[in-house]
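The values are calculated or read from the model by the stated rules, or taken from the named source; none is laboratory data. A quick note: this is a predicted structure, and the numbers were derived from the prediction, not measured. Glycine also receives a Cβ, built like all others from the backbone with ideal geometry; neighbour counts cover every protein chain displayed.
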Amino acid sequence: MTPTIAICSLIILVSAIRLLLRRGFSVLDNIPGPPRKSILTGNLTQLRDPTESDYAFQRQLEESYGEVVKMHGLLGERQLFVFDPVALHSILIKDQDIWGMWEMLKWLNSLVFGKGILSTSHADHRKYRKTMVPAFSTANLREMLPIFYEVAEKTRYGLISPNVVDSPQTLDFNSILGRTSLELIGRTGIGRSFDSMLPGQEADRYGNALRALMPMAFKLHLAIPFLPLLGAIFPSSFRRFMINVIPLPTLHELRDAVDFTQETAGELVKDRKATINSGKRDANDGKDIMSLLVKGNMSADTATHLTDEELVACTAMIVFAATDTTSSAMNRMFHLLATYPEVQEKLRAEILTASEQLNYDALVSLPYLDGVAREVLRLYPPVAPVAFRKATSDTVLPLSEPITGVDGTLMHSISVPKGTSVYIAIAAANHSKRIWGEDALEFKPERWINGKADSVTTKLPGVDGNTMTFIGGGRSCIGFKFAQLEMKVVAYVLLRAFRFLAADPRIKWLNTGIMPAPHVDDRPELPLLVERLKV
């Protein structure tokens, strides 16, 4: 037996033993849920089906069962799919220290980015969060707003106008908005331009490599579910050796991409520190997020001070987290504007009554623009429609309304054994008819008044707008205001110049594992018919 086969066999054996030890009778069996599709994988293939449009299986769970649903994972593991508001509050806020990250996600994030805000829990996570949150403050976003406008104008004049001259043309907005989002986070996040935003040219290698890291890692995990045990069982000093000897081209490709991005990010951090120490000004006048982090770190106390390696991890995480998520949200927004011309015209009318560039407070206060952005984010979260937690001890999950067990018993709370995996059902909470009304699945920007959803009385523990899009509690998204601002600026600039007439009926939104993405004939693409306005 070769060393590679022996290592793989050991990993599989340990993984199987750990799973089988917890696969007998479970107190969760009384909770209603769908039958397992497979003895081996349970319902996982349904939950992660990449060919599924708009998460049809999760819609089925929302409509056919209660707000807490039992599911089956690998080898019969009982899992919970949760969108009960009180249960979510317990998981995310009241008892958040009981609910840890999945080891798989911690391992993937650690492998791709290093130790940082996405790959740690509890005290370590709070340390990174305390350091990074100030960089995303409203005051800093005000300072960055001119860069947002500049990038949006480059999209208008560099990527769209040259292709739409005398007559309407169909353009791929998936490519256009992906480039826009990457350039915007490059400029505002690390003070570096990734893309000239000119036809026929592409983003530089570092930007493209960062965008590819997590999808590549997630694809590898789906192909080899036991791979995260490399990080969970073996020390880091041995992990690189095993990655090198396992004969998987995709694994080696990921290794090389991680090495390249971390080396480049390390150079960026060193250059930024040198620039700040010398007192020189850079192109962004030190207003980008990396500069703010480096400056804050220089004066941080011992408890919150970050090493250069940690700053490198923060840099990569910022670019990754703010690129594909916001481009996905903008893709969905323009797809919906093309699909609902009456919404587009009402929004354009509001925009055209204002000056060409508004200041921060005036822009974010435009009521219909705010309603459109919030409704897009509510109805179509630009992330995977579930977040993951695991109980680190036995606990009790409270419920806002009792559920009827399989045996007919009325259950007002649920006893949850240690080790139980939970899916926080982001999309299901955002679509709940009990919370949002019978029109919960309709696209209605008018439902939002002054940033609050009209007639909604049930409180969700989300960080923004009573939705779960950006989660809540100690692991809520620190960049949610950044994402909303990007959506608003790009819409504000482009709707002044173009009309989006129709969307290709072949467009399907598919589950890519990380976030929903528009596809045509299995290609990532968002073809929209665009007309230049006479202004």
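Please work out which residue is modelled with the highest pLDDT, limiting yourself to the stretch 93-122 and to residues that are assigned to a helix (DSSP H, G or I) and closer than 29 Å to Pro35 by Cβ.
Leu105
Test of understanding: among Leu222, Leu254, Leu230, which residue is within 23 Å of the chain's Cα centre (by Cα), at pLDDT below 75 and closer than 25 Å to Leu74 by Cβ?
Leu222
Give the residue, chosen from Pro367, Pro341, that is out of contact with any Gly (no Cβ under 7 Å at 6 or more places or on another chain), surrounded by fewer than 19 Cβ atoms within 10 Å (Cβ to Cβ) and over 24 Å from Phe470 (Cα atoms).
When all the criteria are applied, what remains is Pro341.
Buried (at least 16 other Cβ atoms within 10 Å of the Cβ), modelled with pLDDT of 70 or more and either touching a strand residue (DSSP E or B) at 6+ places or on another chain (Cβ under 8 Å) or farther than 30 Å from Val376 by Cα (or both): which single residue out of Leu28, Leu40 fits that description?
That would be Leu28, the only listed residue that is buried (at least 16 other Cβ atoms within 10 Å of the Cβ), modelled with pLDDT of 70 or more and either touching a strand residue (DSSP E or B) at 6+ places or on another chain (Cβ under 8 Å) or farther than 30 Å from Val376 by Cα (or both).
Show me the helices (runs of 4 or more DSSP H) found entirely inside the stretch 348-457 where at least 3 residues are within 28 Å of Leu47 (Cβ to Cβ).
367-379, 426-431, 433-436
Does the stretch 296-314 include one or more residues that are part of a loop (DSSP other than H, G, I, E, B) and either aromatic (Phe, Trp, Tyr) or at pLDDT below 65 (or both)?
no
Among what's in the stretch 436-465 and is among the aliphatic types (A, V, I, L, M) and touching a helix residue (DSSP H, G or I) at 6+ places or on another chain (Cβ under 7 Å), pick the residue that is surrounded by the fewest Cβ atoms within 10 Å (Cβ to Cβ).
Leu441
Can you tell me which residue among Leu510, Leu485, Leu529 is buried (at least 17 other Cβ atoms within 10 Å of the Cβ), in a strand (DSSP E or B) and among the aliphatic types (A, V, I, L, M)?
On inspection, the qualifying residue turns out to be Leu510.
Just name the residue that is farthest from Val86 (Cα to Cα) out of those in the stretch 439-476 that are among the hydroxyl-bearing types (Ser, Thr, Tyr) and over 22 Å from the mean Cα position of the chain (by Cα).
Result: Ser455.
In the stretch 65-118, what residues are small (Gly, Ala, Ser), closer than 24 Å to Gly42 by Cα and within 21 Å of the chain's Cα centre (by Cα)?
Of everything in the stretch 65-118, just one residue is small (Gly, Ala, Ser), closer than 24 Å to Gly42 by Cα and within 21 Å of the chain's Cα centre (by Cα), namely Gly100.
Checking the conditions here, which among Thr325, Thr392 is under 18 Å from Gly479 (Cα atoms) and modelled with pLDDT under 95?
Thr325
Go through Ala373, Ala349 for me and flag whichever is at pLDDT 95 or above and over 23 Å from Ala139 (Cα atoms).
Ala349
If you scan the stretch 117-151, which residues turn out to be of a type in the set (D, E, K, R), without any contact (Cβ under 8 Å) to a residue 60 or more places away in the chain and within 25 Å of Leu494 (Cα to Cα)?
Result: Glu150, single match.
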